[in-house]
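Here the structure is laid out as structure tokens; the discussion comes afterwards.
The values are calculated or read from the model by the stated rules, or taken from the named source; none is laboratory data. Since the structure is predicted, the reported quantities are computational estimates derived from the model, not experimental observations. Neighbour counts run over all protein chains shown; Cβ positions are idealised from the backbone, glycine included. To get the accessible areas, we keep the full protein, side chains included, count just its heavy atoms, and leave off ligands, DNA and RNA. Shrake-Rupley method; radii C 1.70, N 1.55, O 1.52, S 1.80 Å.
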Amino acid sequence: MMGTQTPQIHQFLPVLDEGDAIGNEAKAIQRLLRGAGYVSEIFAWRAGKGQGRSCRHYSRHRALRAPENVMLYHFSVCCPITAYFAGAPDRKMIVYHNITPARFFAGLDEQVYYITKKGRRELAQLANVVECALAVSDYNAGELRDAGYGRVETVPLVVDYDAFDATPDETVLGRYDDGWTNLLFVGRLSPNKKQEDLIRIFYHYKRINPRSRLFLVGSARQVPRYREVLDELVRRLKLSDVVITGGVSHRALVAYYKLASAFVCMSEHEGFCVPLIEAMRFDLPVVAYDSSAVAETLDGTGVLVREKRHAEIAELIHGIMEDDGLRGELVEKQRRRVAYYGYASTSTRFMEAIGSFVQARG
Amino acid sequence: MSFFDADIDAQRKAELEAAIAKGASERRADGADPTSEERRKIGDLLEYNRREFEDITYDLYNARKFVRMFPDEAEGYGGLLGWAKRFYRRVVRRLLRQQIVFNEAVLGVLEDLDERAKKLKGEEGRREPEQK
């Protein structure tokens with residue numbers, strides 16, 4: 001245990017939600033910090049359902065403000081916390097999770113368009129306020145440097161992937177465990193994630209393999225109009241067996257991973273893409289479009305698609321599904337990537353970064 | 001050049017590429033070309049990002065109409081029971097918060113349009129002497 005001079009390290013994030021990558025990381029970091037003897041709380045602008053006990057409203061941090069303490073802000077969207085963070089006397093650090101470029105939301109959601117645009121402005125404003133910025137990928141680190149940040153370090157997301165050892169939801173398993181080929185994508189329904197391309201690929205794949213299904217797992221709350229576009233696309237293509245689940249519980253998510261035969265990602269903007277690692281952990285062959293941080297996260301594993309040729313991608317998936325040897329070769333290499341992002345390795349790297357930050361002032 | 005990268009045996013990759021090309025061409029030759037059929041069906045549905053914010057005023061109108069369902073002044077709650085007053089006030093507070101976020105969004109978009117207009121003006125200004 002550390003002495004009485006140990007600074008307190010508190011985390012801030014816009015919303016603490018169940019199943020959210022940033023929320024999960026904040027909880028994992030809190031466990032690490034407390035384990036190392038730091039006093040550490042999570043402060044949020046809003047608490048999601050059932051998360052009220054895991055965090056406090058950020059205004060309640062006021063009593064804990066002190067120049068020797070550290071504020072660690074998970075930055076991903078504009079939020080009233082930014083102004084509070086900038087004005088506090090504490091030492092400051094951000095973890096940058098990336099902001100989806102506003103252009104993706106044009107024509108679909110004016111509010112999200114504006115919020116993401118404002119988020120980029122807030123990010124630039126914080127450049128002179130924070131002492132150090134952590135990026136969860138080199139791609140994000142590049143964006144921070146472009147925004148004017150001086151001290152930037154890349155530290156992968158601290159995620160305890162062992163949480164996926166949880167018992168899968170029996171109802172989901174019971175409904176779909178029938179030997180069909182299930183293509184899966186996990187991520188909120190959002191225009192940057194391009195679920196529309198997955199539906200178009202599945203349109204072709206269904207012709208190759210009629211005993212197949214597409215699971216699109218993820219909340220549609222952020223951009224409801226995009227969900228409408230996807231539903232209409234499915235209708236116009238007269239496609240059956242496209243399952244758009246909406247937000248699901250952790251156990252249901254585990255069930256979808258267990259039911260899946262392959263993970264397909266056509267996203268055009270990812271700051272890291274945690275589901276790629278989750279899918280690898282379930283030994284699913286990954287086929288992903290080469291954009292933003294996707295290639296960096298895969299690092300030569302899985303299959304990286306450079307062009308969105310839907311019919312050919314469907315054939316590619318079919319080729320992988322039909323060839324056990326090929327699938328085995330892909331999965332074997334993916335396991336090494338999962339080990340690289342394992343909790344032991346990422347938590348050590350995170351604590352080293354925190355340790356050097358705390359000691360930097362002497 | 002292949003449209004995908006995978007760290008797999010070169011022979012296996014070549015076979016896979018050949019199978020993909022054969023499969024795709026066979027399916028196209030199978031009567032209907034799935035690509036043109038697909039294009040016909042989805043039409044302009046996926047052109048959503050070309051839309052501008054033409055319906056902002058409509059959304060704003062709706063938001064205001066919704067807020068006005070409830071009285072603005074304290075006297076407006078005169079004849080209501082205590083629980084109903086508290087309920088309406090809570091709803092009004094929530095709607096007003098949404099209205100504030102919405103207003104900010106509209107202002108943000110207007111700022112962007114301004115910026116875009118300035119940029120276009122600048123470009124036009126630069127182009128003019130060349131045309132002469």
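The table that follows gives values for the structure above.
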| quantity | calculated |
| --- | --- |
| Residue in region B:73-81 that is on the phi < 0 side of the Ramachandran plot, at pLDDT 70 or above and either surrounded by 10 or more Cβ atoms within 10 Å (Cβ to Cβ) or not in a loop (DSSP other than H, G, I, E, B) (or both) present | no |
| Flag if A:Asp178 is more than 23 Å from the chain's Cα centre (by Cα) and more than 14 Å from chain B (Cβ to nearest Cβ) | yes |
| Of the criteria (1) aliphatic (A, V, I, L, M); (2) touching a Lys or Arg at 6+ places or on another chain (Cβ under 7 Å); (3) open to solvent by 10 Å² or more (accessible area, probe 1.4 Å), which one A:Ala83 fails | (2) |
| Region A:62-77, residues that are open to solvent by 20 Å² or more (accessible area, probe 1.4 Å) and out of contact with any strand residue (DSSP E or B) (no Cβ under 8 Å at 6 or more places or on another chain) | A:Arg62, A:Ala63, A:Arg65 |
| Within region A:86-198, helices (runs of 4 or more DSSP H) holding 1 or more residues that are without any contact (Cβ under 8 Å) to a residue 60 or more places away in the chain and surrounded by 21 or more Cβ atoms within 10 Å (Cβ to Cβ) | A:110-125, A:138-146 |
| Residue tally, condition surrounded by fewer than 19 Cβ atoms within 10 Å (Cβ to Cβ), at pLDDT 90 or above and in a loop (DSSP other than H, G, I, E, B), over region A:17-44 | 4 |
| Residue list for region A:1-16, restricted to those being polar (S, T, N, Q) and open to solvent by less than 20 Å² (accessible area, probe 1.4 Å) | A:Gln11 |
| Elements of type helices (runs of 4 or more DSSP H) in region A:284-362, at least 1 residues being modelled with pLDDT under 95, small (Gly, Ala, Ser) and farther than 25 Å from A:Asn182 by Cβ | A:324-340, A:343-360 |
| Identity of the residue in region A:313-352, away from chain B (no Cβ under 11 Å) and among the polar types (S, T, N, Q), that ends up nearest to the chain's Cα centre (by Cα) | A:Thr346 |
| Helices (runs of 4 or more DSSP H) within region A:220-282 that include 1 or more residues open to solvent by less than 20 Å² (accessible area, probe 1.4 Å), more than 29 Å from A:Asn140 (Cβ to Cβ) and away from chain B (no Cβ under 14 Å) | A:250-259 |
| Looking only at region A:291-312, and only at residues there that are open to solvent by 20 Å² or more (accessible area, probe 1.4 Å) and under 20 Å from A:Arg336 (Cα atoms), the one that is farthest from the other protein chains (Cβ to nearest Cβ) | A:Glu296 |
| Residues of region A:287-304 satisfying the condition of being in contact (Cβ under 8 Å) with a residue 24 or more places away in the chain and closer than 16 Å to A:Ala262 by Cα | A:Val287, A:Ala288, A:Tyr289, A:Leu298, A:Thr301, A:Gly302, A:Val303 |
